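So the structure is just underneath, and the comments pick up after that.
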Amino acid sequence: MKYLKSLTHILLTISLLLISTVACNEENSLTLPEEQVTTDQAALEKIVDEDEAIESFEPNYNEDQAMSFVLGKTASEIFPVRVGQKMRLVEKNLNVVFEGDTAYGTLTKTFEGVLFIVASTDSLTGNLDSTDFNVYEKSFTTTVTRKIIFVKKDNSRNPMKNWKISAVSLAEGGTLTENIAIKSMTIFLPNGESINIENPNEYFLSRGPSLRRSIPILSQFQNVTVQVELQSVYPDKDFVTLTYGALRSNKMKRAKKRFTLKREEFDGTYYNRLYEAEWRIHQARGFRHAVVNAYPYQVIKDSEAPVESNSWGMPYVVK
(Lines give C-alpha, C1' and ligand atoms only; values in the text may rest on other atoms or scores of the structure.)
Protein backbone atom coordinates (compact mmCIF):
# COMPACT_ATOMS: atom_id res chain seq x y z
CA MET A 1 0.00 0.00 0.00
CA LYS A 2 2.83 2.42 0.90
CA TYR A 3 4.49 1.53 -2.40
CA LEU A 4 1.32 2.36 -4.34
CA LYS A 5 0.94 5.67 -2.51
CA SER A 6 4.57 6.57 -3.23
CA LEU A 7 4.18 5.60 -6.88
CA THR A 8 0.99 7.64 -7.16
CA HIS A 9 2.73 10.64 -5.60
CA ILE A 10 5.64 10.35 -8.04
CA LEU A 11 3.35 10.07 -11.07
CA LEU A 12 1.32 13.07 -9.90
CA THR A 13 4.49 15.12 -9.43
CA ILE A 14 5.73 14.20 -12.90
CA SER A 15 2.35 15.10 -14.41
CA LEU A 16 2.35 18.50 -12.72
CA LEU A 17 5.90 19.17 -13.93
CA LEU A 18 4.95 18.24 -17.49
CA ILE A 19 1.88 20.47 -17.38
CA SER A 20 3.96 23.33 -15.98
CA THR A 21 6.61 22.86 -18.67
CA VAL A 22 4.06 22.80 -21.47
CA ALA A 23 2.31 25.89 -20.06
CA CYS A 24 5.60 27.78 -19.83
CA ASN A 25 6.53 26.78 -23.37
CA GLU A 26 3.16 27.93 -24.70
CA GLU A 27 3.28 31.19 -22.79
CA ASN A 28 6.77 32.04 -24.02
CA SER A 29 6.43 30.66 -27.55
CA LEU A 30 6.26 34.15 -29.02
CA THR A 31 8.95 35.65 -26.78
CA LEU A 32 12.53 35.93 -27.98
CA PRO A 33 15.06 34.32 -25.57
CA GLU A 34 17.48 36.83 -24.11
CA GLU A 35 20.57 34.95 -25.29
CA GLN A 36 19.52 35.53 -28.91
CA VAL A 37 19.31 39.32 -28.55
CA THR A 38 22.29 40.37 -30.66
CA THR A 39 20.69 42.93 -33.02
CA ASP A 40 18.74 46.14 -32.66
CA GLN A 41 15.68 44.49 -34.22
CA ALA A 42 15.74 41.65 -31.71
CA ALA A 43 16.28 44.12 -28.85
CA LEU A 44 13.25 46.20 -29.86
CA GLU A 45 11.10 43.08 -30.08
CA LYS A 46 12.10 42.05 -26.57
CA ILE A 47 11.59 45.57 -25.20
CA VAL A 48 8.05 45.51 -26.58
CA ASP A 49 7.39 42.04 -25.14
CA GLU A 50 8.38 43.27 -21.68
CA ASP A 51 6.56 46.61 -21.76
CA GLU A 52 3.58 46.63 -19.39
CA ALA A 53 1.87 49.59 -21.08
CA ILE A 54 1.73 47.69 -24.39
CA GLU A 55 1.19 44.14 -23.13
CA SER A 56 -1.66 45.08 -20.76
CA PHE A 57 -3.88 45.32 -23.87
CA GLU A 58 -4.20 41.58 -24.35
CA PRO A 59 -5.59 40.56 -20.91
CA ASN A 60 -8.37 43.11 -21.41
CA TYR A 61 -8.96 42.18 -25.06
CA ASN A 62 -9.10 38.50 -24.13
CA GLU A 63 -12.07 38.29 -21.78
CA ASP A 64 -11.46 34.54 -21.28
CA GLN A 65 -15.09 33.58 -20.87
CA ALA A 66 -18.69 34.72 -21.14
CA MET A 67 -18.77 37.33 -18.42
CA SER A 68 -21.60 38.06 -15.98
CA PHE A 69 -23.33 40.72 -17.97
CA VAL A 70 -27.12 41.10 -17.92
CA LEU A 71 -28.51 42.48 -21.18
CA GLY A 72 -32.23 42.27 -20.55
CA LYS A 73 -35.04 41.24 -22.85
CA THR A 74 -34.77 41.78 -26.62
CA ALA A 75 -37.18 40.99 -29.42
CA SER A 76 -34.80 38.65 -31.21
CA GLU A 77 -34.15 35.04 -32.13
CA ILE A 78 -32.07 34.47 -29.02
CA PHE A 79 -32.17 36.27 -25.68
CA PRO A 80 -28.61 36.78 -24.40
CA VAL A 81 -27.68 37.33 -20.77
CA ARG A 82 -23.89 36.94 -20.92
CA VAL A 83 -21.40 37.83 -23.63
CA GLY A 84 -17.63 37.53 -23.73
CA GLN A 85 -14.82 36.93 -26.18
CA LYS A 86 -11.84 34.61 -25.76
CA MET A 87 -8.85 35.62 -27.87
CA ARG A 88 -5.76 33.57 -28.68
CA LEU A 89 -2.65 35.25 -30.08
CA VAL A 90 -1.48 33.26 -33.10
CA GLU A 91 0.96 35.63 -34.79
CA LYS A 92 2.77 38.88 -34.13
CA ASN A 93 5.19 40.98 -36.11
CA LEU A 94 7.14 44.15 -35.33
CA ASN A 95 8.10 46.01 -38.50
CA VAL A 96 10.76 48.64 -37.72
CA VAL A 97 12.14 51.52 -39.77
CA PHE A 98 15.40 52.97 -38.39
CA GLU A 99 16.12 56.65 -38.93
CA GLY A 100 19.31 57.62 -37.12
CA ASP A 101 18.72 57.56 -33.37
CA THR A 102 14.98 57.00 -33.78
CA ALA A 103 13.14 53.82 -34.74
CA TYR A 104 9.51 53.64 -35.84
CA GLY A 105 7.77 50.35 -35.24
CA THR A 106 4.40 48.96 -36.32
CA LEU A 107 3.26 46.09 -34.11
CA THR A 108 0.75 43.75 -35.73
CA LYS A 109 -0.96 40.95 -33.81
CA THR A 110 -3.36 38.37 -35.21
CA PHE A 111 -5.87 36.76 -32.87
CA GLU A 112 -8.19 33.80 -33.31
CA GLY A 113 -11.28 34.51 -31.27
CA VAL A 114 -14.43 32.84 -30.05
CA LEU A 115 -17.43 34.97 -29.10
CA PHE A 116 -19.41 33.24 -26.36
CA ILE A 117 -23.09 34.12 -26.03
CA VAL A 118 -25.08 32.59 -23.17
CA ALA A 119 -28.70 32.92 -24.22
CA SER A 120 -32.17 31.42 -24.25
CA THR A 121 -34.37 30.82 -27.26
CA ASP A 122 -37.37 31.77 -25.11
CA SER A 123 -38.30 35.24 -24.02
CA LEU A 124 -36.70 36.12 -20.67
CA THR A 125 -39.23 36.44 -17.87
CA GLY A 126 -37.00 38.16 -15.34
CA ASN A 127 -36.31 34.97 -13.38
CA LEU A 128 -32.99 33.88 -14.87
CA ASP A 129 -32.76 30.81 -12.60
CA SER A 130 -35.86 29.28 -14.18
CA THR A 131 -34.70 29.75 -17.78
CA ASP A 132 -32.83 27.15 -19.81
CA PHE A 133 -29.76 28.60 -21.52
CA ASN A 134 -27.60 27.55 -24.43
CA VAL A 135 -24.03 28.63 -25.13
CA TYR A 136 -23.52 29.89 -28.70
CA GLU A 137 -19.94 30.04 -29.97
CA LYS A 138 -18.86 32.11 -32.96
CA SER A 139 -15.33 31.86 -34.30
CA PHE A 140 -13.62 34.86 -35.88
CA THR A 141 -10.19 36.35 -36.62
CA THR A 142 -9.00 39.85 -35.84
CA THR A 143 -5.88 41.88 -36.58
CA VAL A 144 -4.73 44.49 -34.06
CA THR A 145 -2.14 47.16 -34.86
CA ARG A 146 -0.36 49.87 -32.90
CA LYS A 147 2.68 52.05 -33.56
CA ILE A 148 5.69 52.50 -31.30
CA ILE A 149 8.46 55.11 -31.34
CA PHE A 150 11.87 54.13 -29.94
CA VAL A 151 14.81 56.43 -29.22
CA LYS A 152 18.46 55.46 -28.88
CA LYS A 153 19.91 56.12 -25.44
CA ASP A 154 23.36 54.49 -25.70
CA ASN A 155 25.83 52.79 -28.03
CA SER A 156 26.61 49.78 -25.90
CA ARG A 157 27.69 46.50 -27.44
CA ASN A 158 24.57 45.04 -25.79
CA PRO A 159 21.61 46.10 -27.99
CA MET A 160 19.23 45.76 -25.02
CA LYS A 161 20.89 48.78 -23.40
CA ASN A 162 20.71 50.98 -26.48
CA TRP A 163 16.98 51.64 -26.91
CA LYS A 164 13.92 52.69 -24.97
CA ILE A 165 10.28 53.30 -25.87
CA SER A 166 9.51 57.00 -26.32
CA ALA A 167 5.82 56.85 -27.24
CA VAL A 168 3.07 54.38 -28.11
CA SER A 169 -0.08 54.82 -30.13
CA LEU A 170 -3.48 53.44 -29.24
CA ALA A 171 -4.34 49.96 -30.48
CA GLU A 172 -6.95 49.35 -33.17
CA GLY A 173 -8.32 46.08 -34.49
CA GLY A 174 -11.32 44.18 -35.70
CA THR A 175 -12.64 41.95 -38.43
CA LEU A 176 -11.87 44.45 -41.22
CA THR A 177 -15.53 45.17 -42.00
CA GLU A 178 -16.83 48.54 -43.18
CA ASN A 179 -20.31 47.89 -41.79
CA ILE A 180 -19.39 49.13 -38.31
CA ALA A 181 -16.57 51.47 -37.33
CA ILE A 182 -15.57 53.56 -34.34
CA LYS A 183 -15.04 57.10 -35.65
CA SER A 184 -13.81 58.81 -32.47
CA MET A 185 -13.36 58.30 -28.75
CA THR A 186 -13.29 60.97 -26.03
CA ILE A 187 -12.06 60.28 -22.49
CA PHE A 188 -13.06 62.76 -19.80
CA LEU A 189 -10.42 62.65 -17.07
CA PRO A 190 -11.14 63.39 -13.38
CA ASN A 191 -8.94 66.53 -13.47
CA GLY A 192 -11.24 68.16 -16.03
CA GLU A 193 -9.06 67.47 -19.07
CA SER A 194 -10.21 65.36 -21.99
CA ILE A 195 -8.54 63.21 -24.62
CA ASN A 196 -10.08 63.05 -28.10
CA ILE A 197 -8.91 60.38 -30.54
CA GLU A 198 -9.97 60.08 -34.18
CA ASN A 199 -7.14 57.91 -35.51
CA PRO A 200 -5.85 55.54 -32.81
CA ASN A 201 -2.72 54.39 -34.68
CA GLU A 202 -1.65 58.02 -35.15
CA TYR A 203 -2.47 59.22 -31.62
CA PHE A 204 0.70 58.84 -29.56
CA LEU A 205 1.08 58.84 -25.80
CA SER A 206 4.51 59.57 -24.36
CA ARG A 207 6.34 57.18 -22.02
CA GLY A 208 8.39 60.03 -20.48
CA PRO A 209 8.96 63.81 -20.58
CA SER A 210 7.85 64.95 -24.02
CA LEU A 211 5.83 67.52 -25.93
CA ARG A 212 3.34 64.74 -26.61
CA ARG A 213 0.53 63.86 -24.24
CA SER A 214 1.63 61.31 -21.66
CA ILE A 215 -0.11 58.05 -20.83
CA PRO A 216 -2.94 59.09 -18.46
CA ILE A 217 -2.07 58.70 -14.79
CA LEU A 218 -5.17 57.99 -12.72
CA SER A 219 -5.73 57.60 -9.00
CA GLN A 220 -7.49 54.78 -7.21
CA PHE A 221 -11.31 54.84 -7.11
CA GLN A 222 -11.65 57.75 -9.55
CA ASN A 223 -14.44 57.68 -12.13
CA VAL A 224 -13.66 58.18 -15.81
CA THR A 225 -16.24 58.82 -18.52
CA VAL A 226 -15.69 57.72 -22.11
CA GLN A 227 -17.78 58.59 -25.18
CA VAL A 228 -17.62 56.73 -28.47
CA GLU A 229 -18.91 57.97 -31.83
CA LEU A 230 -19.76 55.03 -34.02
CA GLN A 231 -20.88 54.57 -37.63
CA SER A 232 -23.04 51.57 -38.57
CA VAL A 233 -25.07 50.45 -41.58
CA TYR A 234 -27.52 48.59 -39.35
CA PRO A 235 -30.73 50.13 -37.97
CA ASP A 236 -30.57 48.25 -34.65
CA LYS A 237 -28.45 49.95 -32.00
CA ASP A 238 -25.05 48.39 -31.62
CA PHE A 239 -23.60 46.29 -28.82
CA VAL A 240 -20.71 48.37 -27.44
CA THR A 241 -18.73 47.42 -24.33
CA LEU A 242 -15.74 48.62 -22.31
CA THR A 243 -13.41 46.01 -20.78
CA TYR A 244 -10.79 47.30 -18.37
CA GLY A 245 -8.81 46.79 -15.19
CA ALA A 246 -6.77 43.62 -15.86
CA LEU A 247 -3.06 43.73 -15.23
CA ARG A 248 -0.72 41.64 -17.35
CA SER A 249 0.17 39.74 -14.19
CA ASN A 250 -3.33 39.75 -12.63
CA LYS A 251 -6.33 39.16 -14.86
CA MET A 252 -8.76 38.79 -11.95
CA LYS A 253 -9.33 42.56 -11.79
CA ARG A 254 -10.99 42.56 -15.22
CA ALA A 255 -14.37 44.29 -15.39
CA LYS A 256 -16.84 45.09 -18.14
CA LYS A 257 -19.42 47.81 -18.79
CA ARG A 258 -21.97 48.26 -21.54
CA PHE A 259 -22.27 51.64 -23.24
CA THR A 260 -25.60 53.43 -23.37
CA LEU A 261 -26.87 55.16 -26.49
CA LYS A 262 -27.01 58.95 -26.13
CA ARG A 263 -27.69 60.17 -29.66
CA GLU A 264 -28.49 58.79 -33.11
CA GLU A 265 -28.72 60.33 -36.59
CA PHE A 266 -29.19 58.68 -39.99
CA ASP A 267 -27.42 60.36 -42.93
CA GLY A 268 -29.01 58.22 -45.63
CA THR A 269 -26.25 55.61 -45.60
CA TYR A 270 -24.95 55.25 -42.04
CA TYR A 271 -26.41 55.47 -38.56
CA ASN A 272 -24.16 57.83 -36.61
CA ARG A 273 -24.45 57.08 -32.91
CA LEU A 274 -22.94 58.46 -29.71
CA TYR A 275 -22.43 56.00 -26.83
CA GLU A 276 -21.27 56.69 -23.28
CA ALA A 277 -19.94 54.63 -20.36
CA GLU A 278 -18.19 55.24 -17.07
CA TRP A 279 -15.57 53.11 -15.36
CA ARG A 280 -14.18 53.20 -11.86
CA ILE A 281 -10.44 52.93 -11.37
CA HIS A 282 -9.40 49.84 -9.40
CA GLN A 283 -7.24 49.80 -6.31
CA ALA A 284 -4.27 47.83 -7.64
CA ARG A 285 -1.51 49.95 -9.15
CA GLY A 286 0.13 49.40 -12.52
CA PHE A 287 -0.31 49.69 -16.28
CA ARG A 288 -3.71 48.75 -17.67
CA HIS A 289 -5.82 49.14 -20.78
CA ALA A 290 -9.35 50.28 -21.45
CA VAL A 291 -10.61 48.34 -24.49
CA VAL A 292 -13.74 49.30 -26.44
CA ASN A 293 -15.40 46.51 -28.45
CA ALA A 294 -18.23 47.36 -30.86
CA TYR A 295 -20.46 44.75 -32.55
CA PRO A 296 -23.58 45.12 -34.69
CA TYR A 297 -26.43 43.96 -32.50
CA GLN A 298 -27.47 41.07 -34.75
CA VAL A 299 -24.10 39.46 -33.93
CA ILE A 300 -25.39 39.12 -30.37
CA LYS A 301 -29.09 38.42 -30.97
CA ASP A 302 -28.89 36.20 -34.10
CA SER A 303 -27.28 32.82 -33.52
CA GLU A 304 -26.27 32.56 -37.19
CA ALA A 305 -24.98 36.09 -37.86
CA PRO A 306 -21.19 36.22 -38.48
CA VAL A 307 -18.99 38.25 -36.17
CA GLU A 308 -18.24 41.83 -37.20
CA SER A 309 -16.32 44.04 -34.80
CA ASN A 310 -14.14 47.09 -34.29
CA SER A 311 -11.95 47.57 -31.21
CA TRP A 312 -9.84 50.40 -29.79
CA GLY A 313 -7.55 50.17 -26.78
CA MET A 314 -5.99 52.95 -24.66
CA PRO A 315 -3.27 52.42 -22.03
CA TYR A 316 -3.43 54.12 -18.63
CA VAL A 317 -1.59 53.76 -15.35
CA VAL A 318 -2.99 53.61 -11.81
CA LYS A 319 -0.86 55.19 -9.08
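The values are calculated or read from the model by the stated rules, or taken from the named source; none is laboratory data. Small disclaimer: the values here were computed from a predicted structure and weren't measured. Accessible surface is based on the protein model in full, side chains and every heavy atom, while ligands, DNA and RNA are left aside. Shrake-Rupley method; radii C 1.70, N 1.55, O 1.52, S 1.80 Å.
The table for this structure:
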quantity	calculated
Over 19 Å between alpha carbons, listed pairs K183/K262; K237/K257; K86/K262; K164/K319	K86/K262; K164/K319
Amide H contacts under 5 Å for G174, placed H, 5+ residues apart	T143, S311
Prolate/oblate/rounded call for the range 196-287, Cα gyration tensor, a/c under 1.5 rounded	oblate
Protein-only accessible surface order, largest first, of V291, V135 at 1.4 Å	V135, V291
Residue-wise HN-Hα coupling along the range 135-147, computed from phi with Karplus coefficients 6.51, -1.76, 1.60 (Hz; x: Gly, Pro)	9, 9, 10, 10, 8, 7, 10, 10, 10, 10, 10, 8, 10
